[in-house]
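Data first, discussion second: the structure below is written as structure tokens.
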Amino acid sequence: MAYEVRLLNIYKGSVVKSLNEKFNYKNTLQVPKLEKIVLSRGIGQAVSDKKLVEQAVEEFMLISGQKPVVTRSRVDISNFKLRKGMPIGCKVTLRGIRMYEFLDRFVNIAVPRMRDFRGLPTEGFDGHGNYTLGVKEQIIFPEIDVEKIYRISGLDVTFVTSARTDEEAQELLKLLGMPFKGNTVLV
């Protein structure tokens, strides 16, 4: 029996059809799709405490299922005691099956665990069909053990789509289950 990704099957089945009906595409290849999800975290205190970068790398490995890339500073900034090449954050890019699995866990498990959650803001679209969201606490992910956390910190989640407009991207993400403010979850 082959392994099937639930959200990918939903995309291929109902989401493509719904988007095609709403926006009247001439070809099904014009229908927007989710291309990648990027998780990133900048760690300002990493200059004085190297453990913070190691902790962030371990957390991103647990959350995403793959090893993140450590980001390094590009310039010297003497006021912050920052030297060129010092580790100051990490990021991971998810594509394919891992991307859809992360999105499924994010929408159905992590987002409802956000403190005072009333829906995701719609102001995070960039005008080119991409959506960025800031998560204030990494403890919303069930993979993170609260007792082993060195310090609570946030992360940025960017959803990169092939949509040409923000309206198309918002409709795509809404059909994939993103609970935007004022909308109910459709998945």
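The values are calculated or read from the model by the stated rules, or taken from the named source; none is laboratory data. As the structure is a prediction and not an experimental result, all values here were calculated from the model. Quick reminder, even Gly has a Cβ in these numbers, built from the backbone with ideal geometry, and neighbours come from all protein chains shown.
Could you look through the stretch 103-154, keep only residues that are of a type in the set (S, T, Y) and surrounded by fewer than 17 Cβ atoms within 10 Å (Cβ to Cβ), and pick out the one that is farthest from E35 (Cα to Cα)?
Pass one, the stretch 103-154, residues of a type in the set (S, T, Y): 122, 131-132, 150, 153.
Filter again for surrounded by fewer than 17 Cβ atoms within 10 Å (Cβ to Cβ), leaving 122, 132, 150.
On the way: T122: 19, T132: 14, Y150: 33 Å.
The selected residue is Y150.
Tally up the residues in the stretch 155-185 that are within 18 Å of G119 (Cα to Cα), in contact (Cβ under 8 Å) with a residue 24 or more places away in the chain and either surrounded by fewer than 14 Cβ atoms within 10 Å (Cβ to Cβ) or of a type in the set (S, T, Y) (or both), please.
4
Out of (1) in contact (Cβ under 8 Å) with a residue 24 or more places away in the chain; (2) more than 16 Å from the chain's Cα centre (by Cα); (3) within 20 Å of N130 (Cα to Cα), the odd one out for L7 is which?
Here L7 clears every test but (2).
Could you list all residues from the stretch 13-44 that are β-branched (V, I, T) and out of contact with any strand residue (DSSP E or B) (no Cβ under 8 Å at 6 or more places or on another chain)?
Result: V15, V16, T28, V31.
In this structure, does F106 turn out to be part of a helix (DSSP H, G or I), hydrophobic (A, V, I, L, M, F, W, C), modelled with pLDDT of 90 or more and closer than 18 Å to S40 by Cβ? Write out each step before concluding.
Numbers: part of a helix (DSSP H, G or I): yes; hydrophobic (A, V, I, L, M, F, W, C): yes; modelled with pLDDT of 90 or more: yes; closer than 18 Å to S40 by Cβ: yes.
Against the criterion (part of a helix (DSSP H, G or I), hydrophobic (A, V, I, L, M, F, W, C), modelled with pLDDT of 90 or more and closer than 18 Å to S40 by Cβ), F106 qualifies.
So in the stretch 89-102, with the set limited to residues that are closer than 20 Å to E58 by Cα and touching a Leu at 6+ places or on another chain (Cβ under 7 Å), which one is surrounded by the fewest Cβ atoms within 10 Å (Cβ to Cβ)? Can you show your working first?
Step one: of the stretch 89-102, the residues closer than 20 Å to E58 by Cα are 89-95, 98-99, 101-102.
Retained after the next criterion (residues that are touching a Leu at 6+ places or on another chain (Cβ under 7 Å)): 91-92, 99, 102.
Working: K91: 19, V92: 22, M99: 22, F102: 22.
Per the stated criteria, the residue is K91.
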